[in-house]
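Trainee: Here it is, the structure, as structure tokens.
Where a number appears in this text, it was derived from the coordinates with a stated rule and is not lab data. Predicted model, so just to flag it, every value in this text is computed and none were measured. Heads up, the Cβs are rebuilt from the backbone with ideal geometry, glycines too, and the neighbour counts pull from every protein chain shown.
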Amino acid sequence: MVVTHNGDKRICIQIGLGHRAEYIYLTHPRWRELRLKKKNLKQIPEVLCAPDDNRLWHYYGIDGSLGSILFCMARYSFLPQKQKEHLNWICAPIADALNLYPSSYLYFKNPSGPSAPEMYYTKQNQTFILGAPFDWIIQKLNIKEIDVIAVDIEGFENILFSNYSWRIRPKFIAIEYHDKWNHVTRIPTSVDLAAREELMGNELVKFIQTQGYKLIRREGTNSRYRKYAKTMELQFLREDLCD
């Protein structure tokens, strides 16, 4: 992991990249111009686009799939080296409780040292990490403030946010919310789906609002996984930044 102090940078963390890593455009020198010209780009609130704030964006793309990481790295290989210096790719499943991630996400071999996550199991003499808690990743990156966090983790949103310490309160939160886990056949049978789904939907919105946020967008999305789950875009802005 690349350690950074973000006093002179703005931080965007995207968890769950798919094949696009949509917020990477923020690292472009003319990102404000791109944002206005290309309406299909993921938007951030105007309050974060002040023209007198000249700090550069530093982007962290986090995904539990090595394939997604490599695909995004190849997709954006055309970017100039100066822009690439503001990109960090982190291959780490985000999980905050044992057995909550499908087994296909378990691939890290032989964690060692006192800083390794304490969520792992051994199979055929190999040790696999189940997931790194979000707080643990932030601590390792030495991040002091988060400007933007975007999350698309296939129905595990409630786990991430309900277990997050909120020690650092992001200015803007964008979530692709799933009303249930998409790939239901891959979920361990030990997980009580009904109990988990009770925390989702309106309960997730209310929970984030209690952390000092205002819901500024709630809109359904067209998902290719419609037969598994409904999805919607949820956006929150920290209350002290609202009009």
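Trainee: Using 22 Å as the Cα-Cα cut-off, could you pick out the over-long pairs in K171/K206; K140/K214; K9/K144; K84/K214; K9/K140; K9/K171?
Mentor: Values: K171/K206 17 Å; K140/K214 29 Å; K9/K144 11 Å; K84/K214 33 Å; K9/K140 17 Å; K9/K171 14 Å.
As for pairs spanning more than 22 Å Cα to Cα, those are K140/K214; K84/K214.
Trainee: Applying a 10 Å radius around every beta-carbon, put 44-55, 22-33 in order of their mean neighbour count, most first.
Mentor: The packing order, highest mean first, is 22-33, 44-55.
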